[in-house]
1. Quick check: net charge around L218, other residues with Cβ under 15 Å of its Cβ, Lys/Arg +1 and Asp/Glu -1?
2. Give me the extension gain from K19 to I64: residue separation times 0.36 nm, minus the current Cα-Cα distance, reported in nm with one decimal.
3. Could you tell me the largest-minus-smallest coordinate of the C-alpha atoms of the chain on each of the three principal axes, in descending order and whole angstroms?
4. Sort 59-70, 319-330 by the packing proxy (mean of other Cβ within 10 Å over each peptide's residues), most packed first.
5. So for segment 55-195, what percent of the C-alpha to C-alpha distances run longer than 22 Å?
6. Name the shape class, rounded, prolate or oblate, that the alpha-carbon gyration tensor gives for segment 228-343, where a ≥ b ≥ c are the square roots of its eigenvalues, rounded holds for a/c under 1.5, and otherwise prolate holds if a/b is larger than b/c and oblate otherwise.
7. What spacing in nm lies between the two simple spin-label points modelled at R304 and S324, each 7 Å away from Cα in the Cβ direction?
8. Test of the criteria: in segment 266-319, which trypsin sites (Lys or Arg not before Pro) are in a DSSP loop and have at most 16 other Cβ atoms within 10 angstrom of their Cβ?
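Laboratory data are not the source of any read-out in this text; all were calculated from the coordinates shown. These numbers come from a predicted model, not from an experiment. Note that we place each Cβ from the backbone using ideal geometry, even for glycine, and neighbour counts take in every protein chain shown.
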Amino acid sequence: MEHRVRRQLDRMVDELRAKGCIRSEHVADAFGSVPRHLFLPGVPTTRAYTAEKAIPTHFDENGIPVSSSSAPNIMAVMLEQLSVEPGQRVLEIGTGTGYNAALLSHLVGDTGTVVSLDIDAEVAREAEVHLDAAKVGAVEVRVGDGWLGATDKGKFDRIMATVEAWDIAPQWYDQLETGGILVLPLWLRPGLTVAVAFEKVPTGLVSRSMAYCGFMPLRGPHASGPLRATLTTWPNQQTRAPASGGVVAVLDEATPERVDALQRLLQLRATVTSRPALFAGWNLRLTLEEPDPICFFEVGEEPRNSIGIFDSRAASLALVDGGSILSFGGDSCRQRIIASLERARPLALESLVITALPEPALRSGDADAVLHRPNFDFALRGLSTTHREGA
Ligand SMILES: C[S@@+](CC[C@H](N)C(=O)[O-])C[C@H]1O[C@@H](n2cnc3c(N)ncnc32)[C@H](O)[C@@H]1O
C-alpha cells in the first residue's frame, strides 16, 4: 500500500479509537489490516478513509441509495458489539461492497468462516471482485434473500445484519447458537433505528448493548410494510434551502392515504413557534412514548433530520426544527411535543433493555412497552427510569 494511503488508513483507525468506536485491539487490528479503498474503486482515498462517511454505491429510480459501504464509525461499534472470536462461524446479511465481510474474515481468522448474503446479484458480484483485490479468500458470498439465512450451513456463533430490519427473521433465530450474538440495526419506531446486540438465551433474545444508527432498509419479499415516503421538499420551505437530494419521511404505516394526508398538510404554510428547552434523550422519549412519531431526513452527504408527531386523523403535524416547532394543520401535535418536552424526563439509550420473544411466547407483563411484530414481540424495559446526566 502506498505510504500516503497507509497514513490515511492509520489516521482513520486512530480517530475510531479516539472516539471510542474501536475499543479492542482485535477490532483495531482488523480495521488496520483491510484497505477500505479496495472496496470502493473510483472513490478518492481521502473519502474512503473518512471515519464518519457512509458511501452510497447503488441507487434506486428515485435516487435513494440501496447499497453502500456503511460509515466506519458505526461498523466499528457494531463489530465491537458482535465480539467475534477466532475460529467462529459468522453470517452477514447485506454484503454491499464486501468491506465488512473482509473485516469479519480477519476477525475469525484462518480457522473461522464467513458467509455473506446480498439480495442484489450485481452488488454481490462486485463484492467478490473487491474481496479478490484485497486478497480476502475466506468469505463465501451468496446471492439471495438474507432473511432466509443460509440454512444449509447449520448453526452460526455470530449473525450480523448490515441492513435495517423491522423484525427478526425466524431463520436468524434458529440458526444462532444458544449463547451466540446477533447484531442488527433494528427499526424500533419512526426516527429510531438502533444497532442492538442480542444474546440468544433459552427463551428468546436479550439485548446486551445498543447504539444509535441509520441504515438502508432490507429489500425483497420480507421487507417491512411501507414505513417511508419520498417527498419533493423539506417541510420548512420558509426558512430552509430546498434539499439537494431527496427528502424522506419515516412514519408508521406509510400507506398512500396517510402519505396523501401528509402531503396535503405540507402544502399549508407552517406556523413557527418557539419550543421548550430540549433535555438529554428528548427524541428517544418522543419516539418511544408518542403513538405517532414521524421523522424527516434529507438524503445526502450531510443528512439533516427533524423529529415530530403526525396525526393523520386530526390532520395535524408538528416537528422540532432547530430552536422552533413547525406545525401544520391542527394544533394537537404541537401541544403534544410541548407537553413531552416540558415533562423533561431525561433518558439514555444505555438504560434500555429489549427482550425479543418469539411469538406466541409473550411473557412481557412487567415491560414498559411492547412492540408487536409478526415474528417477535420486543419488550422494552428502562423507560420509567429517568436518566440523570453523569449518574
Ligand atoms: C448498507 S449495505 C451493506 C454494507 C456492507 N456490509 C459493506 O460493508 O459494504 C446494505 C446491503 O444490504 C443488501 N440487502 C438489502 N436487502 C437485503 C436482503 N433481503 N438480503 C440480503 N441483502 C440485502 C443491499 O443490497 C445492500 O447491498
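1. Numbers: positive: R219, R228, R373; negative: D60, E92, D118, D120, D145, E164, D167.
Residues close to L218 contribute a combined charge of -4.
2. Values: separation 45, 0.36 × 45 = 16.20 nm, distance 2.90 nm.
Computed gain between K19 and I64 is 13.3 nm.
3. The principal-axis extents, from largest down, are 61, 49, 44 Å.
4. Details: 59-70: 15.9, 319-330: 19.7.
Answer by packing, highest mean first, reads 319-330, 59-70.
5. Values: 3258 of 9870 pairs.
Tail of P(r) above 22 Å: 33 percent of Cα pairs.
6. Values: a/c = 1.40, a/b = 1.20, b/c = 1.17.
Cα axes put segment 228-343 in the rounded bin.
7. 1.2
8. On the way: sites: R269, R285, R304, R313; in loops: R269, R304, R313.
Here the sparse-neighbourhood loop sites are R269, R304, R313.
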